[in-house]
Amino acid sequence: MNLNVSLGEVELKNPVMPASGCFGFGKEFSPFYNLNELGAIAIKAATGKARYGNPTPRVAEASSGMLNAIGLQNPGVDGIIKDELPYLQNYDTPIIANVAGSTLEEYVQVTSKLTDEPAIKAIELNISCPNVKEGGVQFGTDPQLAYEVTKAVKSVSTKPVFVKLSPNVTDVVAIADAVYKAGADGLSMINTLTGMRIDLNKKKPIIANGTGGLSGPAIKPIAIKMIHEVRQQIDLPIIGMGGITSTEDILEFLLAGADAIAVGTANFKDPFICKRLIDELPETLRQYGFGSLQEVREQGCHNQSILL
Amino acid sequence: MNLNVSLGEVELKNPVMPASGCFGFGKEFSPFYNLNELGAIAIKAATGKARYGNPTPRVAEASSGMLNAIGLQNPGVDGIIKDELPYLQNYDTPIIANVAGSTLEEYVQVTSKLTDEPAIKAIELNISCPNVKEGGVQFGTDPQLAYEVTKAVKSVSTKPVFVKLSPNVTDVVAIADAVYKAGADGLSMINTLTGMRIDLNKKKPIIANGTGGLSGPAIKPIAIKMIHEVRQQIDLPIIGMGGITSTEDILEFLLAGADAIAVGTANFKDPFICKRLIDELPETLRQYGFGSLQEVREQGCHNQSILL
Amino acid sequence: MKQEPLTVVRNQLIALDTYEMVLKGEEIPSLVQVGQFIHIEIGEGEEFMLRRPISIAEVNDEEKTMTIIYKVTGKGTHWLSQLEQEGQLNVLGPLGNGFNIEHHNHDHILIVGGGVGVPPLYHLAKKLSQHNHVTAVLGFQTKEAVFYETQFQQFANTKITTDDGSYGYKGQVTKVIEKLNQPFTTYYACGPSGMLKAVQNQMSHLNGYLSLEERMGCGIGACFACVCEHTNDKGYVKICQDGPVLKASEVIL
Amino acid sequence: MKQEPLTVVRNQLIALDTYEMVLKGEEIPSLVQVGQFIHIEIGEGEEFMLRRPISIAEVNDEEKTMTIIYKVTGKGTHWLSQLEQEGQLNVLGPLGNGFNIEHHNHDHILIVGGGVGVPPLYHLAKKLSQHNHVTAVLGFQTKEAVFYETQFQQFANTKITTDDGSYGYKGQVTKVIEKLNQPFTTYYACGPSGMLKAVQNQMSHLNGYLSLEERMGCGIGACFACVCEHTNDKGYVKICQDGPVLKASEVIL
Ligand SMILES: Cc1cc2nc3c(=O)[nH]c(=O)nc-3n(C[C@H](O)[C@H](O)[C@H](O)COP(=O)(O)OP(=O)(O)OC[C@H]3O[C@@H](n4cnc5c(N)ncnc54)[C@H](O)[C@@H]3O)c2cc1C
Ligand SMILES: Cc1cc2nc3c(=O)[nH]c(=O)nc-3n(C[C@H](O)[C@H](O)[C@H](O)COP(=O)(O)OP(=O)(O)OC[C@H]3O[C@@H](n4cnc5c(N)ncnc54)[C@H](O)[C@@H]3O)c2cc1C
Ligand SMILES: Cc1cc2nc3c(=O)[nH]c(=O)nc-3n(C[C@H](O)[C@H](O)[C@H](O)COP(=O)(O)O)c2cc1C
Ligand SMILES: Cc1cc2nc3c(=O)[nH]c(=O)nc-3n(C[C@H](O)[C@H](O)[C@H](O)COP(=O)(O)O)c2cc1C
Ligand code: FES
Ligand code: FES
């Protein structure tokens, strides 16, 4: 079965990619399978300067999920270009560069450095990281700020810009609409929900940062709902994510309105998962009566019976 | 160990109660244990008129959680007073009446009918039900509306009013602050998060209503985070809920800042759970070095080391 | 109504994706009325927060056992199918109101079952056959899915249909019922809602009872998940508490 | 680095809340370097999304087995403790960089372990003892928590301390080390971070290596969960990938 997908002008071999922050810069997963198998790779967020991130502990477990507060640790955009992209250039898998920042200027600066790198086929604008004290999520929770940062980044980007939305909002469609109007080429949804766990022995939050982002199967119904809602109203390609662990999950996201999907947390449990899902997807589609991804789209999001 | 708790002027034998909507009007659980064991009982939402609720299916499963879209089915406030409260009057457990409505007037009308019932010791103002098309959640997502409905209900209520907050908001503290200013006597948090599951065979949402409210352990870290955040800023008693299944969970909620807790979804898995948690709580408190609930409060929310 | 750990005595594949499980316990089996169901906890830990409702297909009072028959359609029934002998199952039950059959005597009764709606009817057929004449029409998707044909034949004049005609009659149960042309006094039906609707329509002249299914939360009448429209004053019944067996002329499907 | 289902050969309580588990497999055991760890999948289904990192305490090449020792401190280790012989465990490993000991010859080496930091040091002591003189100071909370004393004595001059003095010396390992007053050339330590800090301080004059622990996500260097400040250019190391064993003079605890 042909699994090709177009996300606007970005062409993928298949709709499955690892999610940003859960796959480093690819290298660590190359012992497990050939990265050419992947539909794309969303790499760890890049910021203007190298960042050390938050104090440890940075992760905690939750029922069917986990909390993380890495705090955007990364070698900085120059470090990524110098030390990480050359390795990824060996593959013909599109790289999606996740861009973060504390100020609008930083988003613009990072994007303008990354946009001309040949390996990079799209920018993923991360306005939804809940784990940094400044910037990040405030751009993702205020439609006006979301509009401005998207517009500014679009003005310097030569590559399509996908805006990664935060689920920690009253009205996700309002944010989606704002970035659509600012010229976004697509949406990634969802980022993590802000959560906390408390260490009963130490009587304080497990995560040193206090709060962290909740990911994994626990958030899947929230992701499905938001994707479905946005799909009805905004005409942009959507990369769906949030708790995917199986090909049935992928089908659920595609039916809800996603065009491609990303797998985050599940990579930690099974480092082979992306490849396995790609291999198994055709069989699952057939099992539920679909002959192609196009048929899924037709019977899913574009079918009025699924509209509410 | 003495488990007494005061929620403002409401005195509870212990901090454990079933959550609204997960315990009917009590009768169904009376074959399992004596309802006098409970700290309180939050009964199913009351509306002005009897409501049939949403079409079925109304529930779906999710990883470590469930979705529901009951749609506030209930016999109406008069039916509850006539047919349900007399039975509950047999117990000396405080009843917390959950009040819902589509309009401000309906909230006021329902409250004024319930407020003088002797069995009822507090009103729980449900401005956070995500499963009805009108009213409900919009009051819980707009600080101004939340203020108005709370103020109006307070003006007719002779009993303390706890406002039940929705987690489907960008800024829960803003809502908490608004209802505090309107005179709320306490907070219940959190209600369910809006979610969706799709039936892969039928290619449409499992729940006939489309979306439903996500409850259960999946949402626990979100509840903990919101309670912790509100506790730092708003000086009102908090009834905490969201995914509680064990006495360790209870302790986690208390450390985060809840004064009492409610158990919802877990009643469906184990109808004995509330009694079991009450029985086991003293041992768990001791195990983590606490001699009383007062000590938990001192080392939890009121201890600066847990502040961030 | 009890919560009890039941022990798996047997758990075997009897038809396509369909398992027969025998459970032993001190309390629950001896309380069962024909037509009731049990609510089964799935897995360990917190992944599965909802129990699964499954009908009771047979009870053996002496052995303190009961039999359920279930089809693997999702994660919960898959987990059930993996249980081995001596495994334990946390069961809440028996739940609901079953078939009220004591008044029947020398009656001519029709039983209509579809797929996994067949199991509760087996217990019913056995009981009814003691004093009545019973005919059973059982529909399945395909030959491989057929189960309990010989068991039913002991107690009832049994006709099998399959959707694809690979076994017995071809097509829907209503087509077979039409042909029977017998003087039934009462009918009992359980199966998918499409089938129940068709039977309810076809047999509207007859006294009948339907055993309904709906997605459930609590299983004990507390959560309002499983309602069905009804001609009573309230306008509804809760299937878990007022049903699952309800008078056909009173439920609005 | 492989992902392999390992078979439980033995799983037994050896001290307070502490279990010794022997695992057999075709690939992973034969790849192990002393000081590495494995990342263990917990439970079935989706409740537990994070693996658990546990050190390798010993390897038996001929039997294709390895031993881990773990303390039950939460849900995951509780689940491990319930596994029976012949049970299967999904393991990712061996991970990280272990102890580099090939250059040691006739050295006088100090090993310092605390609680569940002791296991990886057993494999180390055994290897080192072949060509060196080894002293081990092992701290536990209380008498009932002590394990592997006789095993260590085979390979090292072994001192035990307990926090409450219920067995061996009373108090912290640093107090015992102080009294030893021996001409150590190198030390290796693993244990709670408080202990490591104290040892790092006390032994700053000596060449030393610490095996660090931190909450982990991926276990393979991809998620940046497990960093530790370091004197290198980047300012940090990833414990799972660059550690868990690191030069004591270079890590900032
Ligand atoms: C009163 C009653 C009696 C039943 N008796 C039988 C029986 O004897 N044999 C049998 O095979 N099946 C029976 N069913 C249907 C059975 O409950 C479902 O097939 C089963 O719950 C599916 O669980 P799952 O985990 O495999 O599916 P999943 O899809 O993974 O289940 C997810 C959730 O949906 C619910 N669900 C899914 N399908 C159904 C359904 N058709 N009806 C009700 N809930 C559903 C589950 O209970 C669970 O809460 C009965 C249902 C009811 C209400
Ligand atoms: C490299 C390394 C080697 C280790 N070797 C051993 C060993 O040989 N024996 C042993 O008993 N323990 C060892 N630990 C600690 C062990 O990983 C934890 O005790 C264990 O993960 C606790 O899991 P749990 O499910 O019981 O606790 P929970 O509290 O339920 O676990 C929740 C989450 O927190 C993590 N976590 C909790 N405590 C710790 C901790 N102390 N360190 C790291 N993660 C933690 C878990 O991995 C899990 O992700 C090691 C840790 C590391 C990093
Ligand atoms: C450890 C970790 C680190 C993450 N880092 C980033 C990041 O740098 N940028 C980003 O946009 N999202 C980041 N995310 C969010 C994921 O890309 C994804 O949106 C989210 O985890 C939901 O998917 P999942 O449930 O499959 O993990 C991170 C998630 C995790 C668990
Ligand atoms: C089936 C169901 C019905 C509910 N009905 C109500 C309701 O009528 N009023 C209300 O305020 N909350 C209602 N809730 C929300 C619960 O009271 C509780 O806030 C939520 O489920 C989180 O707690 P839990 O995770 O322990 O279930 C309902 C929840 C469920 C699962
Ligand atoms: S399942 Fe709760 S009322 Fe029927
Ligand atoms: S655990 Fe992911 S980098 Fe170490």
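Worth a mention:
- Candidate aspartates and glutamates for bridging to D:K64, where Cα separation is under 18 Å - those fewer than 8 sequence places away on the same chain excluded: D:E4, D:E20, D:E26, D:E27, D:E86
- Annotation: D:E46 carries an accessible surface of approximately 20 Å², with a 1.4 Å probe and no ligand, DNA or RNA atoms counted.
- In the complete set of protein chains, residue-level accessible area for D:T142 is approximately 30 Å², probe 1.4 angstrom.
- Shielding by other protein chains, D:2-9, mean Cβ within 10 Å: 1
- With label points defined 7 Å past Cα in the direction of Cβ, position C:K143 shows copy-to-copy spacings of 7.4 nm, given to one decimal and shortest first.
- Residues of region A:12-42 with an amide N closer than 18 Å to a point placed 7 Å from the Cα of A:E295 along the Cα-to-Cβ direction: A:15.
- Take each residue of peptide A:141-151, count the partner chain Cβ atoms within 10 Å of its Cβ, and average: the result is 0.
- Normalised contact order of chain C, rounded percent, pairs of Cα under 8 Å and 6 or more residues apart: 17 percent
- Carbon and sulfur %, accessible surface of the protein assembly as shown computed with the full protein complex present, 1.4 Å: 46 percent
- Relative contact order (percent, whole number), region D:2-95, Cα cutoff 8 Å, 6+ residue spacing: 42 percent
- Calculated FRET efficiency, B:S155 to B:N90, Cβ-Cβ distance, R0 = 30 Å: about 0.40 to the nearest 0.05.
- Per DSSP, loop trypsin sites (Lys or Arg not before Pro) in region B:187-240 with at most 15 further Cβ within 10 Å: B:K202
- In this simple spin-label approximation, D:E250 and C:E86 carry label points 7 Å from Cα along the Cα→Cβ vector, and these lie 5.3 nm apart.
- DSSP-defined antiparallel bridges as percent of all bridges, region C:108-252, nearest 5: 25 percent
- Value at 222 nm in deg cm²/dmol, rounded to 500, when DSSP H runs of n ≥ 4 in the protein assembly as shown each add -39,500 (n - 2.57): -7000 deg cm²/dmol
- Among beta bridges that DSSP assigns inside chain B, antiparallel share in %, nearest 5: 40 percent
- Coil-residue trypsin sites (Lys or Arg not before Pro) of region A:112-188, DSSP, other Cβ within 10 Å capped at 16: A:K133
- Label zone at C:N60 (point 7 Å along Cα-to-Cβ), backbone N below 19 Å, region C:11-40: C:11-15, C:19-35
- Per residue of peptide B:163-170, the mean number of Cβ atoms on other chains within 10 Å of the residue Cβ is 3.
- In this assembly, the A-D interface accounts for approximately 2800 Å² of buried accessible surface in total, computed with a 1.4 Å probe and without ligands, DNA or RNA.
- Shielded by partner chains, region A:260-287 residues - at least 40 Å² of accessible area, 1.4 Å probe, vs chain alone: A:F268, A:K269
- Computed on chain D, the Cα convex hull volume stands at 120 Å³ per residue.
- Take every Cα pair under 8 Å whose residues are at least 6 apart in sequence, average their separation, divide by the length of chain A, and the relative contact order is 19 percent.
- Å² of accessible area per residue within the protein assembly as shown, as computed with a 1.4 Å probe and no ligands counted: 36 Å²
- R0 of 51 Å, Cβ-Cβ distance B:D78-D:T142: FRET efficiency to nearest 0.05: 0.20
- Between the alpha-carbon centres of region A:4-48 and region C:51-123 there is a gap of 49 Å.
- Take D:E44, push a point 7 Å out from Cα through the beta-carbon direction, and compare it with the same point in every other copy: 1.1 nm, smallest first.
- Most tightly packed first, judged by the mean number of other beta-carbon atoms within 10 Å of their residues, the peptides C:92-98, C:187-193 read C:92-98, C:187-193.
- Label-point distances for D:S249 to the equivalent site in the other copies, using a point 7 angstrom along Cα→C-beta, read 9.7 nm when ranked shortest first.
- List C:M195, A:M1, C:M66, ordered by accessible area with a 1.4 Å probe, largest first: A:M1, C:M195, C:M66
- Alpha-carbon centroids, region D:223-240 and region B:49-76: separation in whole Å: 49 Å
The values are calculated or read from the model by the stated rules, or taken from the named source; none is laboratory data. In this text the structure is predicted, and so the values were computed from the model without any measurement. Neighbour counts are summed over all protein chains in view; Cβ atoms, including those assigned to glycine, are modelled from backbone coordinates with ideal geometry. In case anyone asks, the SASA skips ligands and DNA or RNA and just uses the protein heavy atoms, side chains included. Shrake-Rupley method; radii C 1.70, N 1.55, O 1.52, S 1.80 Å.
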